[in-house]
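Novice: I'd like to ask some things about the structure below.
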Amino acid sequence: MSGTTGDIVLSARDVTKDFGHTQVLKGVSLDVHAGEVMCIIGPSGSGKSTFLRCINHLEDIDGGSLTVFGDLVGYKRKGDRLYEESERETAVKRERIGMVFQQFNLFPHLTVLENVMIGPVEVKGTPKAQARETALTLLERVGLRDRADAYPVQLSGGQQQRVAIARTLAMQPDLILFDEPTSALDPEMVSEVLSVIRDLADDGMTMVIVTHEMGFAREVADTVVFMADGNIVESGTPDEVMGHPREERTKQFIQEIR
Ligand code: ADP
Ligand code: MG
């Protein structure tokens, strides 16, 4: 595992986020390094999804700073001055970040193959033949090459989520965010999806994974972050946070979820 020694990919400093009068992120600070797998755990309503959305430019932050690939999110640098970036510039930056959601969000009217091809073709202008080759290779990688011509509705939830991961990989992201990728699945389909994510970890993909799968987090994470009520309560190695939690709040959560 390349762990926590690579270059910094993502750096959050005292990030706050308000929805109306409610502060849902209350000063979140963390670093993610190239090749690191970070699992974020914590009760529902802690701000985990909101934090991922901020990283992916889907929400503006209200305080602190968020740096992804060396650039402040939402800003560009010219000399030593910062400028707010245009939507187009934000979109280009976002191409480096993949996101996989609890609901797979595949296009229902497109085949599996077309779902995986559409990003590179529409967004990056990749020639169709090339996008098709890549898509087939990625489908092979997630074990679904033989379903390339099926429609999402013909697949199980686990298969759909694996297509969603292939679709994300097709954009060649440098960072992938997963928001509870197995929470919507029937129990018997969880492991096939976790196994695909585990392979990505073994390949050195940088990932931030929000998950309730404690065994999985313990196995693949370089770093586990426990969030509650908009704060990071504690973070460390899986053994530190899950095996020997220091904070009462963490102990409680780990016991409850077991
Ligand atoms: P988690 O993913 O840890 O369950 P969320 O980030 O989804 O937590 O939510 C954190 C808090 O922010 C919750 O109280 C939620 O109701 C609130 N929240 C999330 N999104 C919005 C929104 N768009 N508008 C208002 N409140 C929101
Ligand atoms: Mg969530």
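The values are calculated or read from the model by the stated rules, or taken from the named source; none is laboratory data. Note that the coordinates shown come from a computational prediction; the quantities given were computed from them, not determined experimentally. So basically every Cβ, Gly included, is an ideal-geometry build from the backbone, and we count neighbours across all protein chains shown.
Novice: Would it be correct to say that Arg249 is at pLDDT 95 or above, of a type in the set (Lys, Arg) and more than 29 Å from Asp7 (Cβ to Cβ)?
Specialist: Details: at pLDDT 95 or above: yes; of a type in the set (Lys, Arg): yes; more than 29 Å from Asp7 (Cβ to Cβ): yes.
Judged against the criteria, Arg249 is a match.
Novice: Among the candidates Ala135, Ala34, which residue alone is of a type outside the set (S, T, N, Q) and under 30 Å from Asp149 (Cβ atoms)?
Specialist: Ala135
Conditions (1) modelled with pLDDT under 95; (2) closer than 28 Å to Leu138 by Cβ; (3) within 16 Å of ligand 2 (Cβ to nearest atom); (4) under 19 Å from the mean Cα position of the chain (by Cα), marked per residue:
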position: Leu194; (1), (2), (3), (4): no, yes, no, yes
position: Ile209; (1), (2), (3), (4): no, yes, yes, yes
position: Ala221; (1), (2), (3), (4): no, yes, no, yes
position: Gly230; (1), (2), (3), (4): no, no, yes, yes
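Novice: Is it the case that region 86-97 has a residue that's within 16 Å of ligand 2 (Cβ to nearest atom), within 21 Å of Ala12 (Cβ to Cβ) and within 18 Å of the chain's Cα centre (by Cα)?
Specialist: Of all residues in region 86-97, those within 16 Å of ligand 2 (Cβ to nearest atom) come to none.
No - not one qualifying residue is present in region 86-97.
Novice: Quick one: in region 71-106, of everything that is out of contact with any strand residue (DSSP E or B) (no Cβ under 8 Å at 6 or more places or on another chain) and closer than 24 Å to Gly47 by Cα, which residue is nearest to ligand 1 (Cβ to nearest atom)?
Specialist: First, pick out the residues of region 71-106 that are out of contact with any strand residue (DSSP E or B) (no Cβ under 8 Å at 6 or more places or on another chain): 78-81, 86-88, 90-92, 94-95, 103-106.
Narrowing further to those that are closer than 24 Å to Gly47 by Cα: 90-91, 94-95, 103-105.
Working: Thr90: 19, Ala91: 21, Arg94: 19, Glu95: 24, Gln103: 14, Phe104: 17, Asn105: 16 Å.
This residue is Gln103.
Novice: State all residues of region 23-70 that are away from ligand 1 (no atom under 16 Å from the Cβ) and out of contact with any strand residue (DSSP E or B) (no Cβ under 7 Å at 6 or more places or on another chain); if no residue qualifies, say none.
Specialist: Answer for region 23-70, where residues must be away from ligand 1 (no atom under 16 Å from the Cβ) and out of contact with any strand residue (DSSP E or B) (no Cβ under 7 Å at 6 or more places or on another chain): Gly35, Gly70.
Novice: Here is a further query. Residue check: is Phe19 aromatic (Phe, Trp, Tyr), surrounded by fewer than 16 Cβ atoms within 10 Å (Cβ to Cβ), modelled with pLDDT of 85 or more and within 14 Å of ligand 2 (Cβ to nearest atom)?
Specialist: Details: aromatic (Phe, Trp, Tyr): yes; surrounded by fewer than 16 Cβ atoms within 10 Å (Cβ to Cβ): yes; modelled with pLDDT of 85 or more: yes; within 14 Å of ligand 2 (Cβ to nearest atom): yes.
When the stated conditions are applied, Phe19 passes them.
Novice: Please specify each residue of region 51-82 satisfying the condition of being surrounded by 20 or more Cβ atoms within 10 Å (Cβ to Cβ), under 14 Å from the mean Cα position of the chain (by Cα) and either β-branched (Val, Ile, Thr) or away from ligand 2 (no atom under 15 Å from the Cβ) (or both). Break it down into steps so the answer makes sense when it comes.
Specialist: Step one: of region 51-82, the residues surrounded by 20 or more Cβ atoms within 10 Å (Cβ to Cβ) are 51-52, 54-55, 61, 66, 68, 73.
Then keep just the ones that are under 14 Å from the mean Cα position of the chain (by Cα); that gives 51-52, 54-55, 68.
Listed by number, the residues that qualify are Ile55, Val68.
Novice: Hey, can you tell me all the residues within region 206-233 that are touching a helix residue (DSSP H, G or I) at 6+ places or on another chain (Cβ under 8 Å), within 16 Å of ligand 1 (Cβ to nearest atom) and charged (D, E, K, R)?
Specialist: Glu213
Novice: Name the residues in region 87-107 that are outside any strand (DSSP E or B) and within 16 Å of Asp179 (Cβ to Cβ), would you? Let's see the steps before the verdict.
Specialist: Start the filter on region 87-107 by keeping residues that are outside any strand (DSSP E or B), which leaves 87-96, 101-107.
Correct list: Arg94, Phe101, Gln102, Gln103, Phe104, Asn105, Leu106.
Novice: Return the pair list, or none, for Cβ contacts closer than 7 Å from residues in region 88-104 that are on the phi < 0 side of the Ramachandran plot to residues that are among the aromatic types (Phe, Trp, Tyr) and in a loop (DSSP other than H, G, I, E, B), at least 6 apart or on different chains.
Specialist: Arg96/Phe69
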